[in-house]
Amino acid sequence: MPRTTLVSRIFLLTCLCAALMYGQASQPQTPPATLTVSGDIPSQLVLKAEDLSKMPRETVSIPEQDGTKIEYEGVPLREILKRAGAPMDKELRGKALASYILAKARDGYQVVFTLAEVAPEFANEPILVVDKRDGKPLFGYQGPFRVVCPNDKAGARSVRMLETLEIVRLQK
Amino acid sequence: MVLAMLGRNAEPAEPDEVQTYSWNLPKGFPKPHVPADNPMTAAKIELGRYLFYDTRMSVNRKASCATCHQQEFAFTDSRAASIGATGQPHSRSAMSLVNVAYSAALTWSNPRMKKLEDQVLAPMFGDHPVELGLREGDGFLPMLHSDPKYQLLFERAFPGDADPFTVKKVAKALAAFERSIISARSPYDRYHYGGDDSAVSDSAKRGEILFFNQHLSCFRCHGGFNFSDATVSENNAGREIEFHNTGLYKIAGMLSYPAPNVGTYEYTRIAADVGKFKAPTLRNIAITAPYMHDGSIATLEGVVDHYAAGGRTIESGPNAGIGHDNPNKDPLIAGFQLSRQDRADLIAFLESLTDEEVCHDPRFANPW
């Protein structure tokens, strides 16, 4: 192979690699469709949309301002916490009751739920981590995951763009 | 013959039909609150439309409601300050009438003005400033009474009423027409409620996420289906109306905003209310420039920059001052950083709220 051809091929390959790298870097950052459970649990748990689809699921109807009801579908928060090893069921007593969940959104928004609020022994209706609205995946500023609290009068704890659930145990 | 008298845009309607009204609201839009003493009927709305566009409803037959509320500009007038029939300028910018049926408070800053039937009287009869310049004794009611077209319109709007030619009935008809102007068919609506992923650009989709982002917090004052925090509907009385000082001014002296536009302070006389104005709907915002209560920001880009800076600084002149430091400024106006792309995305989202249909819908057009 003539030297000039080899050099030009190397040059072209270098340009191609650079273009690919630049192209990759300039792509809009798509938020990862994962939910991370961290904090005072045995080990961090990362759930993908696919994982959530295989967990026990429930639906809840929430009335909208137009009088219609929106059906949200997802996984009860207690199921996610159970899988993460947070104290639930019989373990949720004594010092464990001084625990809370810090739910964090992609934009930095944060709200708190006590662990007892999530457990059926204490709460009347489950808090859900939903990924579907009227049968369709959540999109835009709503998703891919959001909290839905059917018993809350105001919607401010229904965290959109949910990314992290951090378990904090104040007494161990 | 009867139908011909209703004008060129009138639709044929059976008598029973004109005494009812169907909102035909799309998904996501609640039924508006309507006062029990002024139910919506097609006949009343039609009368209101004729009155709204009739220049005989002014002191010199030069202006009508539509002078300051033009359909092509989403029922604003594209002026920083509106001008009345006699040429007298208003101190504030005309608000859009689109979706006014959902407004918990009317006007920019009067917390007590909540009913359209009351509000329409201000432009008709007010003299600070003169808008339409009417006076009850001037003869506009006899004019309506003697006009064959209005005779029929009033008869259908207020059937069985022995004396429908009153200011109160005029106000009811105007209010009914204004309530009927619903904007719900923007590209954003097709995307968000209709599930049409191609209705808005990728830039607008990114802008939507920014709009609802905690750091910008635009949605906290411009939230809900109507992008306003002063929204009511049939089954939702709404929360207490909030007015906001956005740090637009901080002039020297006791009142930090230039008179006469001192915000809700004008009505409450509470010092903390100086500079507080309503967060209006952002629907059709791209075609309702100039912006803010006094039209003092010419473009949407300027508005975004104002909020990004956490208040406006005016270097010189009678309104010089650092609005960022206004003591009444809403804590939400803390400022934020945006890249050039973010800024363009946010504006693309705001542009996606433009409803071309409402600007060309013949039901809201000039019938004369």
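Readers should treat all values here as calculations from the given coordinates under stated rules, not as data from a laboratory. None of these values were measured; they are calculated from a predicted model. Here Cβ is always computed from backbone atoms with ideal geometry, including for glycine, and neighbour counts include all displayed protein chains.
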Residue list for segment B:227-265, restricted to those being under 18 Å from B:V303 (Cβ atoms) and either of a type in the set (F, W, Y) or within 14 Å of another protein chain (Cβ to nearest Cβ) (or both): B:F227, B:S228, B:D229, B:F243, B:Y249, B:Y257
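Could you please give the count of residues in segment B:177-193 that are outside any helix (DSSP H, G or I) and under 14 Å from the mean Cα position of the chain (by Cα)? Steps first, answer last, please.
Residues of segment B:177-193 that are outside any helix (DSSP H, G or I), as a first pass: B:180-186, B:193.
Cutting the leftovers down to under 14 Å from the mean Cα position of the chain (by Cα) gives us B:180-183.
Total satisfying the criteria: 4.
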Which numbered condition B:L134 fails, given (1) closer than 30 Å to B:E17 by Cβ; (2) in a loop (DSSP other than H, G, I, E, B); (3) not polar (S, T, N, Q): (1)
Conditions (1) away from every other protein chain (no Cβ under 14 Å); (2) surrounded by 14 or more Cβ atoms within 10 Å (Cβ to Cβ); (3) under 26 Å from B:V98 (Cα atoms): number failed by B:K168: (2)
Residues of segment B:355-366 classified as touching a helix residue (DSSP H, G or I) at 6+ places or on another chain (Cβ under 7 Å) and surrounded by fewer than 20 Cβ atoms within 10 Å (Cβ to Cβ), total: 3
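A quick yes/no check of all residues on (1) free of Cβ contacts under 8 Å to residues at least 60 places away in the same chain; (2) under 30 Å from B:V200 (Cα atoms):
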| position | (1), (2) |
| --- | --- |
| A:T36 | no, no |
| A:R57 | yes, no |
| A:E79 | yes, no |
| A:A98 | no, no |
| A:R106 | no, yes |
| A:A119 | yes, no |
Failed item in (1) within 27 Å of the chain's Cα centre (by Cα); (2) surrounded by 15 or more Cβ atoms within 10 Å (Cβ to Cβ), with B:E136 passing the rest: (2)
Count - residues of segment A:136-167 that are more than 13 Å from chain B (Cβ to nearest Cβ), farther than 24 Å from B:Y188 by Cα and part of a loop (DSSP other than H, G, I, E, B): 5
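Check segment B:272-281 and report whether any residue there is of a type outside the set (K, R) and touching a Leu at 6+ places or on another chain (Cβ under 6 Å).
Initially, segment B:272-281 is screened for residues of a type outside the set (K, R), giving B:272-275, B:277, B:279-281.
Applying the additional criterion that residues be touching a Leu at 6+ places or on another chain (Cβ under 6 Å) yields B:274.
There is at least one residue in segment B:272-281 that is of a type outside the set (K, R) and touching a Leu at 6+ places or on another chain (Cβ under 6 Å).
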Answer from B:S186, B:S217, B:S201 - the residue that is more than 10 Å from chain A (Cβ to nearest Cβ), of a type in the set (S, T, N, Q) and over 17 Å from B:V98 (Cβ atoms): B:S201
